[in-house]
Amino acid sequence: MEKTKLSIISQIKNHFNDAREKNYPYNRVDFSVRKEIVPQVLLYLKDVMGFKHLSHISCVDWLEDNEFELVFIVWSPADKIKVFVHTRLDREHPVMDNLDMIWRHAHTYEREMREMFGIQFTGLDAPEEFLLEDWQGPPPMRRDFDTETYAAETYWERPGREDAQDVRETIEKRTGEVLPDFAKNYKR
Amino acid sequence: MINDKNSQKIVDIIRNYARKHSLWILAYGTGCGAIEIPPTMTSRYDAERLGVRGAATPRQADVLLITGYLTTKTLKRVIRVYEQMQDPKYVIGFGSCTINGGMYWDSYNTIKALDRYLPVDVYINGCMPRPESVLAGFAKLQELIQAGKADGAKKYKENLEWYRENQKKVIPTWRMPEYNW
Ligand code: SF4
């Protein structure tokens, strides 16, 4: 049976009452759910609704909200529809359920997120070290990790780059373009 | 054994001449620059007319060509590869990433100056260098070899402690064999 996006939304909302949905154009539907029911939602999507393929798991660091957001992207080859499942974790103690028994390749994403963001997956059976070898700093993809200072302290730098200019500032000076306020918070 | 100075000089000239015309390279394709090696080696630019050819293993190679940024993880392997190579050996640093970090200057995981960790004989700059500049780099290396000035390996042996100290600074758990040359 062909499923439309609206039928997917109503089916998910029937099963998981507190799922909030967002209907995007084209073939994309987003759901936000509590982290406790993520495995159930994904299993339901996979086994009942035919979303057989996990395309990606990504992590977003919402430093201002003190939260991490995990996004699971699943794809239905029959209906050609993508579903994004969002969930938020506490940033101080980011713990999530391990999902590699649903899709085996979730294992790889989880190891990477554990290393890069410091998210713990309960029951993830893998060595701590993944891509970074003997890394001793904090998880490097967290937004409060100051890459520039770390690099300056760790690696010797050849003199001669001191006159490097701030790209944004230079553009502003040369073209008179006015930067939006939020852009001023970020260097380069 | 030849003892007198003049005949040593003649031997050196012949030896250097032979060395400069058979540079077997071990292309350690880190970073993006490795993509310029195939055009350099194949018919368009044909590096083989300078005697430059690919070698299969470190022990058969003369030139270690490092083509871009090095993460600390790769640096470990590169050091090992370099130490396995036999004399005469030369290092070419390829691309601005090996010189001063290039556009990865603020990365948490890449070194910024290759010559702190390995002795570099020739740097080729550019991001990435075109095959012409790669060939110019090889020509420069040949010039240095003929003049007897490409002595990176000697420098490495003599200043091994300094190099080791730098290497160990970025590679905290040092699990490398100690060679006894
Ligand atoms: S110098 Fe440029 S092309 Fe070469 S590795 Fe660095 S960024 Fe890539």
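Would you mind finding the one in B:THR42, B:THR67, B:THR57 that is open to solvent by 40 Å² or more (accessible area, probe 1.4 Å), closer than 18 Å to B:LEU135 by Cα and of a type in the set (S, T, N, Q)?
On the way: B:THR67 fails: open to solvent by 40 Å² or more (accessible area, probe 1.4 Å); B:THR57 fails: closer than 18 Å to B:LEU135 by Cα.
Of B:THR42, B:THR67, B:THR57, the one residue that is open to solvent by 40 Å² or more (accessible area, probe 1.4 Å), closer than 18 Å to B:LEU135 by Cα and of a type in the set (S, T, N, Q) is B:THR42.
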Meets criteria (in contact (Cβ under 8 Å) with a residue 24 or more places away in the chain, within 16 Å of the ligand (Cβ to nearest atom) and in a helix (DSSP H, G or I)) for B:THR74: yes
Condition broken by A:LYS13, with the remaining ones in (1) in a strand (DSSP E or B); (2) free of Cβ contacts under 8 Å to residues at least 12 places away in the same chain satisfied: (1)
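Is at least one residue of the stretch A:164-179 within 29 Å of B:LYS169 (Cα to Cα) and within 9 Å of chain B (Cβ to nearest Cβ)?
Here is the first cut: in the stretch A:164-179, the residues within 29 Å of B:LYS169 (Cα to Cα) are A:164.
Narrowing further to those that are within 9 Å of chain B (Cβ to nearest Cβ): A:164.
Yes, the stretch A:164-179 contains a residue that is within 29 Å of B:LYS169 (Cα to Cα) and within 9 Å of chain B (Cβ to nearest Cβ).
Yes or no: the stretch B:160-172 includes at least one residue that is of a type in the set (A, V, I, L, M, F, W, C), open to solvent by less than 70 Å² (accessible area, probe 1.4 Å), within 14 Å of chain A (Cβ to nearest Cβ) and away from the ligand (no atom under 16 Å from the Cβ). Break it down stepwise before answering.
At the first step, the residues of the stretch B:160-172 found to be of a type in the set (A, V, I, L, M, F, W, C) are B:160, B:162, B:170-171.
With open to solvent by less than 70 Å² (accessible area, probe 1.4 Å) added as a condition, the list becomes B:160, B:170-171.
Of the ones still in play, those that are also within 14 Å of chain A (Cβ to nearest Cβ) are B:170-171.
Narrowing the set further to residues that are away from the ligand (no atom under 16 Å from the Cβ) leaves B:170-171.
Within the stretch B:160-172, one or more residues are of a type in the set (A, V, I, L, M, F, W, C), open to solvent by less than 70 Å² (accessible area, probe 1.4 Å), within 14 Å of chain A (Cβ to nearest Cβ) and away from the ligand (no atom under 16 Å from the Cβ).
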Members of the stretch B:77-91 found to be touching a residue at least 60 places away in the same chain (Cβ under 8 Å) and not in a helix (DSSP H, G or I), listed by number: B:ASP87, B:PRO88, B:LYS89, B:TYR90, B:VAL91
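B:CYS97 - would you say it is within 14 Å of the ligand (Cβ to nearest atom), part of a loop (DSSP other than H, G, I, E, B) and open to solvent by 10 Å² or more (accessible area, probe 1.4 Å)? Let's see the steps before the verdict.
Values: within 14 Å of the ligand (Cβ to nearest atom): yes; part of a loop (DSSP other than H, G, I, E, B): no; open to solvent by 10 Å² or more (accessible area, probe 1.4 Å): yes.
In short, no.
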Among residues of the stretch B:118-151, those that are assigned to a helix (DSSP H, G or I), touching a Leu at 6+ places or on another chain (Cβ under 8 Å) and among the small types (Gly, Ala, Ser), counted: 1
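Per-residue answers, yes or no, for (1) surrounded by 22 or more Cβ atoms within 10 Å (Cβ to Cβ); (2) over 11 Å from the mean Cα position of the chain (by Cα); (3) within 16 Å of the ligand (Cβ to nearest atom); (4) within 14 Å of chain A (Cβ to nearest Cβ):
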| position | (1), (2), (3), (4) |
| --- | --- |
| B:TYR90 | yes, no, no, no |
| B:GLY93 | yes, no, yes, yes |
| B:LYS112 | yes, yes, yes, yes |
| B:LYS140 | no, yes, no, no |
| B:GLN146 | no, yes, no, no |
| B:ALA150 | yes, no, no, no |
Members of the stretch B:114-126 that are closer than 20 Å to B:ILE37 by Cα and within 14 Å of chain A (Cβ to nearest Cβ): B:LEU114, B:VAL120, B:TYR123, B:ASN125
Number of the condition not met by B:LEU50 [criteria: (1) over 14 Å from the mean Cα position of the chain (by Cα); (2) modelled with pLDDT under 90; (3) within 16 Å of the ligand (Cβ to nearest atom)]: (3)
Any pair with Cβ under 7 angstrom, 6 or more apart, that starts in the stretch B:156-174 at a residue that is of a type in the set (S, T, N, Q) and ends at one that is surrounded by 13 or more Cβ atoms within 10 Å (Cβ to Cβ): B:ASN166/B:ARG116; B:ASN166/B:TYR117; B:GLN167/B:ILE79; B:GLN167/B:TYR117; B:THR173/A:ASP134
Long-range neighbours under 6 Å by Cβ, at least six apart or interchain, first residue at the interface with another protein chain (Cβ under 7 Å from one of its Cβ atoms) and at pLDDT 85 or above within the stretch A:122-148, second in a loop (DSSP other than H, G, I, E, B) and surrounded by 14 or more Cβ atoms within 10 Å (Cβ to Cβ): A:PRO140/B:TYR108; A:THR147/B:ASP106; A:THR147/B:TYR108; A:GLU148/B:ASP106
Subset of the stretch A:39-49 (residues that are free of Cβ contacts under 8 Å to residues at least 60 places away in the same chain and crowded, with 16+ Cβ neighbours inside 10 Å): A:VAL41, A:TYR44, A:LEU45, A:LYS46, A:MET49
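The values are calculated or read from the model by the stated rules, or taken from the named source; none is laboratory data. No experiment lies behind these values; they were computed from the predicted model shown. We place every Cβ from the backbone using ideal geometry, glycine too, and count neighbours over all the protein chains shown. Side chains included, ligands, DNA and RNA excluded: accessible areas come from the protein's heavy atoms. Shrake-Rupley method; radii C 1.70, N 1.55, O 1.52, S 1.80 Å.
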